[in-house]
Amino acid sequence: MSRVPLRRNDRASDMVRALTWYRTRMGWDVQLVDGAPSLSLTHGVAGFLFPRKWFPLAASMMSTMDVQGPVVGFLDEVEPKAVALADTNDCVFSQAQMPPGVVLLRTPGQVPLPPKAGADWLIEPDDERRWLPSATAVLAVLRSAAQVPAPVRGRGPMPYTRLPAARPGVGGHPPVARRRTA
């Protein structure tokens, strides 16, 4: 596997090398936009923008289902995001089909690629496995990741402290009332 060219001190050289690598090794439609490579979401390529905090679970599920494709991470001032790239396989999607928190990126959109500042590969593209995963499979993974509840944070009462107090008895059961005999 050949890796995306690493950053050097010469920013212009980095951009040209990355642009060439994306075009020749991956066969992607990439242009320089604002001095950084950007992938055109054309020719059946789509992207799914989702919260970066979902990435560990989504990556694990993608790996298990063998639909692992390139994922770009972005640092954002509000909330870090990630974009999973996928092949639409001529399927037509709408934003209404997306789970909460997921934004469908499609034609004529563009996705900035590393070495753009603030962008990095969470899962690097593999030039030996150039195909992108199916968009339906990636969407299924993101739907599952969206349904997993976030862990409760902070210092609150432990769940067992909310249980009603039990009266002492035999075997954890409440005592049985006995008749008095006189």
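The values are calculated or read from the model by the stated rules, or taken from the named source; none is laboratory data. Fair warning: this is a prediction, and the values are worked out from it, not measured in the lab. For neighbour counting, all protein chains shown are included, and Cβ atoms are generated from backbone atoms with ideal geometry for every residue, glycine included. These accessible areas exclude ligands, DNA and RNA; they are computed on the full protein's heavy atoms, side chains included. Shrake-Rupley method; radii C 1.70, N 1.55, O 1.52, S 1.80 Å.
Points worth noting:
- Which numbered condition residue 13 fails, given (1) within 26 Å of residue 140 (Cα to Cα); (2) open to solvent by less than 50 Å² (accessible area, probe 1.4 Å); (3) not in a strand (DSSP E or B): (1)
- Qualifying residue in the range 30-50 (condition: among the aliphatic types (A, V, I, L, M), modelled with pLDDT under 90 and under 15 Å from residue 120 (Cα atoms)): yes
- Residue satisfying all of: in the range 59-80; of a type in the set (A, V, I, L, M, F, W, C) and touching a strand residue (DSSP E or B) at 6+ places or on another chain (Cβ under 7 Å); farthest from residue 136 (Cα to Cα) among these: 74
- Cβ separations smaller than 9 Å between residues 6+ apart or across chains give the following pairs from the range 82-106 residues that are within 24 Å of residue 26 (Cβ to Cβ) and among the aromatic types (Phe, Trp, Tyr) to residues that are modelled with pLDDT of 90 or more and not in a loop (DSSP other than H, G, I, E, B): 93/46; 93/104; 93/135; 93/136; 93/139.
- Output for the range 32-51, where each listed residue is touching a residue at least 40 places away in the same chain (Cβ under 8 Å) and not small (Gly, Ala, Ser): 33, 37, 39, 41, 42, 45, 48, 49, 50, 51
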